[in-house]
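The values are calculated or read from the model by the stated rules, or taken from the named source; none is laboratory data. This one's a predicted model, so the numbers in the text were calculated from it and none came from an experiment. Positions of Cβ are backbone-derived with ideal geometry, glycine not excepted, and every protein chain shown enters the neighbour counts.
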């Protein structure tokens, strides 16, 4: 499968937040990796599609930061995480050596069937507890929690979590600054309208 060519020991990310309750169960470290070739229609994170954007971050330094936090788990989104499956597998390996109790949720535009036998993807998959798979399809956005559209699946790859523990509604948070905004979580209809309004204002 395709992957980004990054220097050894480094990962290309867009941004991260040390603790959020908008991307899964409990308080979670959330990271958005940079780069995606899917380019889904009306993607809410178009700025994360460029494989040249974001910044390079040391995998070891990021792991050290994560293990020092008072959190319940890790959520990985993007961009497309599996373009950097090797680096993310190494990150989770370092984290789980010190904090094995942290659960991992990962979002991908690929289908699990495309990933499960891929030698590049398998080490990363082996460290994920919940995989939300499939490309976002705007017409199938039904407002359900944990995923953006009904074609996407919430797959339990380990027994760490159960269906009963999943959020019952979407949670999201928008961070606005002078010339920048970011969103954490799966957007509701009202959040999507706000994002479109803010984006159109910036284009004028």
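A few notes on this one:
- Some residue of segment 39-61 being within 20 Å of residue 8 (Cα to Cα), part of a helix (DSSP H, G or I) and without any contact (Cβ under 8 Å) to a residue 12 or more places away in the chain: yes
- Pick from segment 118-136, criterion in contact with a helix residue (DSSP H, G or I) (Cβ under 7 Å, 6 or more places away or on another chain) and either on the phi > 0 side of the Ramachandran plot or part of a helix (DSSP H, G or I) (or both), ranking: surrounded by the fewest Cβ atoms within 10 Å (Cβ to Cβ): 123
- Test for residue 46: is it exposed (fewer than 14 other Cβ atoms within 10 Å of the Cβ) and under 16 Å from the mean Cα position of the chain (by Cα): yes
- Residue in segment 83-100 that is in a loop (DSSP other than H, G, I, E, B) and under 16 Å from the mean Cα position of the chain (by Cα) present: no
- Screening 115, 102, 94 for residues that are at pLDDT 95 or above, closer than 26 Å to residue 37 by Cβ and either out of contact with any strand residue (DSSP E or B) (no Cβ under 6 Å at 6 or more places or on another chain) or surrounded by 16 or more Cβ atoms within 10 Å (Cβ to Cβ) (or both) leaves exactly one candidate, 115.
- Candidate set from segment 62-82 (those that are touching a residue at least 40 places away in the same chain (Cβ under 8 Å) and assigned to a helix (DSSP H, G or I)); member that is nearest to residue 107 (Cα to Cα): 81
- Filtered by the rule that a residue be farther than 17 Å from residue 146 by Cβ, in contact with a helix residue (DSSP H, G or I) (Cβ under 9 Å, 6 or more places away or on another chain) and part of a loop (DSSP other than H, G, I, E, B), segment 21-38 gives 34, 35, 36, 37.
- Residues in segment 5-15 that are in contact with a strand residue (DSSP E or B) (Cβ under 6 Å, 6 or more places away or on another chain) and either without any contact (Cβ under 8 Å) to a residue 24 or more places away in the chain or more than 17 Å from residue 183 (Cβ to Cβ) (or both): 6, 10, 11, 12.
- Residue ID - surrounded by the fewest Cβ atoms within 10 Å (Cβ to Cβ), chosen from residues in segment 64-80 that are more than 16 Å from the chain's Cα centre (by Cα) and within 17 Å of residue 9 (Cα to Cα): 64
- Residue in segment 145-154 that is touching a helix residue (DSSP H, G or I) at 6+ places or on another chain (Cβ under 7 Å) and modelled with pLDDT under 95 present: yes
- Sole residue being assigned to a helix (DSSP H, G or I), under 18 Å from residue 25 (Cα atoms) and out of contact with any strand residue (DSSP E or B) (no Cβ under 8 Å at 6 or more places or on another chain), chosen from 139, 164: 164
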